[in-house]
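The values are calculated or read from the model by the stated rules, or taken from the named source; none is laboratory data. This one's a predicted model, so the numbers in the text were calculated from it and none came from an experiment. Cβ placement follows ideal geometry from the backbone for every residue including glycine, while neighbour counts extend to all protein chains displayed.
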Amino acid sequence: MNNPMNPFAKPDQQKPTCMEMLQTILDGQATEEQKQYFKVHMDHCMPCYKSYDLDMSLKQLVQSKCCGGAAPTDLVEKIKQQILQKSS
Amino acid sequence: MELEEAPKQNYSEKEKGEIFNQEFLPHIHSMYNFGYRLTLDRDDAKDLVQDTYLKAYRFIESFQKGTNAKAWLFRILKNSFINDYRKKSKEPAKVDYQEVETYYNSEEVDRQITPDLRVESLKDMIGDEISNALNSLDVDFKTVIILCDLEGFKYEEMAKILDIPIGTVRSRLHRARNLLKEKLSEYAKSMGYNKA
Ligand SMILES: [Zn+2]
């Protein structure tokens with residue numbers, strides 16, 4: 001598809017790859033125009049269609065499984081103490 | 001040390017305290033998680049975070065009030081890790097990514113085979129598989145996933161935190177996600193998820 005109106009096109013007019021488009025969408029960095037374009041693109045691009053669900057699920061899983069919980073409760077106090085010591 | 005090229009600020013002691021409490025400290029949990037994922041050790045993570053905050057306070061006049069404190073802190077932590085912590089531990093030499101990145105910036109990328117992993121098998125991973133797989137990645141790869149997927153930094157912010165061009169952020173992220181999928185697909189296979 002050599003669409004001159006591709007909103008993902010780079011300043012040098014180079015054709016963006018599927019990977020680049022998918023990434024931009026996935027990471028929430030696409031404009032409205034780009035989102036619309038990609039929706040249509042997915043209808044006729046099987047690799048993008050398949051990758052989209054998998055990549056989205058993976059991203060969401062990383063978010064929910066790797067947040068790691070809270071810092072130790074004494075950490076903030078320790079840091080504050082050290083700063084007081086150094087600045088006095 | 002600064003993220004943006006900003007002139008040195010002149011803060012009173014009271015202002016310094018305010019910036020520290022209101023703009024720096026709220027990020028302590030994200031910072032600790034990042035430190036832990038890098039070092040894989042709770043005590044080392046504590047030291048690294050403590051070190052980062054002390055440095056941030058020492059260089060507070062390079063920080064412009066109201067700008068992106070989180071990115072600034074992440075940058076300091078990442079640099080502390082590379083310069084101080086990594087030197088102490090006996091990590092093997094850095095992999096040369098040049099080759100990898102040239103490859104991923106080329107046309108080849110669309111033809112490349114992605115690991116055989118299904119959404120359904122991903123959804124079955126309810127334990128620590130994802131977390132362990134992330135931890136097992138090389139530091140540079142897990143860093144981009146943490147910054148992007150966990151912390152929601154934009155590519156541009158990541159480029160500044162990591163001192164690399166945006167194109168490299170993108171290709172490294174792509175590579176990192178494929179490596180993560182490879183790990184998970186191995187795991188899925190071992191659990192018999194992909195049999196169907
Ligand atoms: Zn496509």
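The single condition among (1) at the interface with chain B (Cβ under 10 Å from one of its Cβ atoms); (2) at pLDDT 90 or above; (3) within 12 Å of the ligand (Cβ to nearest atom) that residue A:59 does not meet is (3). For region A:65-85, check the following and say yes or no: at least one residue is of a type in the set (Ser, Thr, Tyr) and within 16 Å of the ligand (Cβ to nearest atom). No: region A:65-85 contains no residue that is of a type in the set (Ser, Thr, Tyr) and within 16 Å of the ligand (Cβ to nearest atom). Among the residues of region B:29-75, write down those that are touching a His at 6+ places or on another chain (Cβ under 9 Å) and surrounded by fewer than 21 Cβ atoms within 10 Å (Cβ to Cβ). Correct list: B:70 only. I want to confirm something. Restricting to region A:62-82 and keeping residues that are more than 7 Å from chain B (Cβ to nearest Cβ) and surrounded by fewer than 16 Cβ atoms within 10 Å (Cβ to Cβ), which single residue is farthest from residue B:29 (Cα to Cα)? Residue satisfying both the conditions and the ranking: A:81. Residue B:153 fulfils the conditions (1) crowded, with 22+ Cβ neighbours inside 10 Å; (2) in a helix (DSSP H, G or I) except for a single criterion, (2). Would you mind stating whether residue A:5 is of a type in the set (A, V, I, L, M), within 12 Å of another protein chain (Cβ to nearest Cβ) and surrounded by fewer than 16 Cβ atoms within 10 Å (Cβ to Cβ)? It is false that residue A:5 is of a type in the set (A, V, I, L, M), within 12 Å of another protein chain (Cβ to nearest Cβ) and surrounded by fewer than 16 Cβ atoms within 10 Å (Cβ to Cβ). Looking across region A:46-56 at every residue that is more than 7 Å from every other protein chain (Cβ to nearest Cβ) and of a type in the set (A, V, I, L, M, F, W, C), the one that is farthest from the ligand (Cβ to nearest atom) is identified as A:56.
In this structure, residue B:146 qualifies as touching a Cys at 6+ places or on another chain (Cβ under 8 Å), modelled with pLDDT of 95 or more, closer than 25 Å to residue B:75 by Cα and buried (at least 17 other Cβ atoms within 10 Å of the Cβ).
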